[in-house]
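Student: First, the structure itself, so that you have it in front of you.
The values are calculated or read from the model by the stated rules, or taken from the named source; none is laboratory data. Since we're looking at a predicted model, the values are computed, not measured. All Cβ positions, even for glycine, are placed from backbone atoms using ideal geometry, and neighbour counts span all protein chains on display.
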Amino acid sequence: MRTPLWLSATLGLANAMELANRQDTGPYAASYGGGSGSHWHPKTDHPEFFSLRVDTPAQCSDQGNYVNDHTIDCSLANMAIRLQRGSAIATRYNKWWSPNLPIFLVDDNTKLYKVSKKPLQLYIDGVTGALKYGPVGWLPSNAIAVNFFKTGDNPEGTLGLSTAFLSWPSTQGVTSSALYDSPWWLCPRGRTGQFEVFVSNGNWGGSSYDDSSSDVSKDTRRCKKVSLAAVNANPWKKGEPAPY
């Protein structure tokens, strides 16, 4: 008995979908299953997972503003990076009662993602220079989604000087003239105590203090140049505190 053409096509489609489901196994299937990007996974077979903290001098305490007679600025001590309403935000962190920090990875295409069941992709806003995020596959037309680099290894959460960094648009040490010159700017959000993350003007405007290529004027008296420490993290451990 000959099988109708429409039935053959339907069976073929069902088999293809089943094959796709069977192939979507491994560690990413649980982390990226369901919702947006349900069959998506980052293009890497050696993911390095990390959370982000502001790299402050080793002499800084968790709460201090200055040490050594005001010679070392510790106003950003114990700041960590969170995602809030489409933007990357630096906010104070207390490991005893704050929620776990978001976990990120950079894939082989130098794209930056937040690890979650519904994955998020981070990008540089091509107009303002802000570090922002959105659902995978739904980035705005002005998004610059490549040239993120995570370098080094930081299993102990070392700060000042961190042993691992996140940088853009190249590895830290190439983005500016000095070996450890900071590739990010943190600018305050009013009096909230939080800071929004921007790329350094040294990589965006004509100089470290020139923001003419951006439509956001950054107050150089209040914004601070920083490095972002990439602290090793494990996305499959449930309920553990931050890895530092």
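Student: Give the residue that is nearest to the chain's Cα centre (by Cα), with candidates limited to residues of the range 128-161 that are within 23 Å of Lys43 (Cβ to Cβ) and aliphatic (A, V, I, L, M).
Tutor: Out of the qualifying residues, it is Leu131.
Student: Quick check on Ser162: is it touching a helix residue (DSSP H, G or I) at 6+ places or on another chain (Cβ under 9 Å), surrounded by 13 or more Cβ atoms within 10 Å (Cβ to Cβ) and either modelled with pLDDT under 85 or of a type in the set (Gly, Ala, Ser) (or both)? Please lay out each step first, then the result.
Tutor: Values: touching a helix residue (DSSP H, G or I) at 6+ places or on another chain (Cβ under 9 Å): no; surrounded by 13 or more Cβ atoms within 10 Å (Cβ to Cβ): yes; either modelled with pLDDT under 85 or of a type in the set (Gly, Ala, Ser) (or both): yes.
So Ser162 does not fit the description; no.
Student: When you scan the range 118-178 for strands (runs of 3 or more DSSP E) that lie fully inside it, which ones turn up with 1 or more residues that are of a type outside the set (Asp, Glu) and in contact with a Gly (Cβ under 6 Å, 6 or more places away or on another chain)?
Tutor: So the answer is 131-135, 164-167.
Student: Turning to a different aspect of this structure: On the basis of being within 11 Å of the chain's Cα centre (by Cα), aliphatic (A, V, I, L, M) and surrounded by 18 or more Cβ atoms within 10 Å (Cβ to Cβ), does Leu76 make the cut?
Tutor: Spelling it out, it is not the case that Leu76 is within 11 Å of the chain's Cα centre (by Cα), aliphatic (A, V, I, L, M) and surrounded by 18 or more Cβ atoms within 10 Å (Cβ to Cβ).
Student: Under 7 Å by Cβ, and 6 or more places apart or on different chains, what pairs join a residue from the range 77-99 that is assigned to a loop (DSSP other than H, G, I, E, B) and among the aliphatic types (A, V, I, L, M) with one that is surrounded by 14 or more Cβ atoms within 10 Å (Cβ to Cβ) and modelled with pLDDT under 90?
Tutor: Once the first residue is assigned to a loop (DSSP other than H, G, I, E, B) and among the aliphatic types (A, V, I, L, M) and sits in the range 77-99, its partners that are surrounded by 14 or more Cβ atoms within 10 Å (Cβ to Cβ) and modelled with pLDDT under 90 give Ala77/Thr56; Ala77/Cys60; Ala77/Gly64.
Student: May I ask you to verify whether Thr175 is modelled with pLDDT of 90 or more and not small (Gly, Ala, Ser)?
Tutor: In short, no.
Student: Could you check Cys187 against (1) in contact with an Asp or Glu (Cβ under 9 Å, 6 or more places away or on another chain); (2) at pLDDT 90 or above; (3) part of a loop (DSSP other than H, G, I, E, B); (4) closer than 21 Å to Leu76 by Cβ and say which number it fails?
Tutor: Cys187 satisfies every listed condition except (3).
Student: Another one. For Asn109, indicate whether it is within 19 Å of Phe198 (Cβ to Cβ) and polar (S, T, N, Q).
Tutor: no
Student: For the range 116-150, enumerate the residues that are in contact with a strand residue (DSSP E or B) (Cβ under 6 Å, 6 or more places away or on another chain) and touching a residue at least 60 places away in the same chain (Cβ under 8 Å).
Tutor: The first filter runs over the range 116-150 and keeps only residues in contact with a strand residue (DSSP E or B) (Cβ under 6 Å, 6 or more places away or on another chain), leaving 119-126, 129-133, 136, 139, 143-145, 148-150.
Those that are in contact with a strand residue (DSSP E or B) (Cβ under 6 Å, 6 or more places away or on another chain) and touching a residue at least 60 places away in the same chain (Cβ under 8 Å): Pro119, Ile124, Gly129, Ala130, Leu131, Val136, Lys150.
Matching residues to (1) modelled with pLDDT of 55 or more; (2) under 15 Å from Ala88 (Cα atoms); (3) assigned to a loop (DSSP other than H, G, I, E, B):
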| site | (1), (2), (3) |
| --- | --- |
| Asp181 | yes, no, yes |
| Val197 | yes, yes, no |
| Gly202 | yes, no, no |
| Ser217 | yes, no, yes |
| Arg221 | yes, no, yes |
| Lys225 | yes, no, no |
| Val231 | yes, no, no |
| Glu240 | no, no, yes |
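Student: Being surrounded by 19 or more Cβ atoms within 10 Å (Cβ to Cβ) and of a type in the set (Asp, Glu) is the filter here; which residues of the range 108-135 pass it?
Tutor: Listed by number, the list holds a single entry, Asp125.
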